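Read through the structure below, which is laid out as structure tokens, and then see the notes.
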Amino acid sequence: MARPHVLIISSGFGGLFAAKFLRRAPVEVTLVDRVNHHLFQPLLYQVATGILSEGEVAPAIRDVLRHHRNVTVELATVTG
């Protein structure tokens, strides 16, 4: 029997928390976003001043969810 499927649109804080919450749930998860990173804007000034690297404030979505075996990340734009 196929497992239920959950579609998450966007990898903002809500999308990432939802995907992480469903890590051990008996569902397949697809996260769709048009960009490959999750940007934490409050720390952008530290990148501009050289304190942090870009990867520390904008990690790749696939890296953030790499241990979540039931999550698939798709780069796409949702139009409807």
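Based only on Cα atoms, what mean projected area does the convex hull of the chain have, in nm²?
Hull-based average projected area comes out at 6.1 nm².
Using 12 Å as the cut-off for backbone N distance, which residues of the range 19-51 belong to the label zone defined by a point 7 Å from the Cα of Arg62 along Cα→Cβ?
36-37
Could you check the simple spin-label distance between Leu52 and Leu75, using points 7 Å along Cα→Cβ, in nm with one decimal?
Those two pseudo-labels are separated by 2.3 nm.
What net charge is computed for the residues neighbouring Leu65, neighbours being all others with C-beta under 9 Å from the C-beta of Leu65, Lys and Arg scored +1, Asp and Glu -1?
Local charge sum for Leu65: +3.
Under 11 Å from the Cβ of Asn36, count the other residues' Cβ atoms, weight Lys and Arg +1, Asp and Glu -1, and hand me the total.
-1
If packing is taken as the average count of other Cβ atoms within 10 Å, what order do 45-55, 6-16, 67-77 fall into, highest mean first?
With the highest mean Cβ count within 10 Å placed first, the list reads 6-16, 67-77, 45-55.
Please calculate how many Å² of accessible area the chain carries per residue, with a 1.4 Å probe and no DNA, RNA or ligand atoms counted.
On a per-residue basis, 70 Å².
If r is the Cβ-Cβ distance from Phe13 to Asn36 and R0 is 25 Å, what FRET efficiency results, to the nearest 0.05?
After rounding to 0.05, the efficiency reads 0.90.
Under 8 Å for C-alpha pairs, at least 6 residues apart: give me the relative contact order for the chain, rounded to a whole percent.
Normalised by residue count, the contact order of the chain is 36 percent.
The values are calculated or read from the model by the stated rules, or taken from the named source; none is laboratory data. All figures in this text were calculated on a predicted structure; none of them were measured in a lab. Quick reminder, even Gly has a Cβ in these numbers, built from the backbone with ideal geometry, and neighbours come from all protein chains shown. Just the protein is used for accessible areas: all its heavy atoms, side chains included, with ligands, DNA and RNA removed. Shrake-Rupley method; radii C 1.70, N 1.55, O 1.52, S 1.80 Å.
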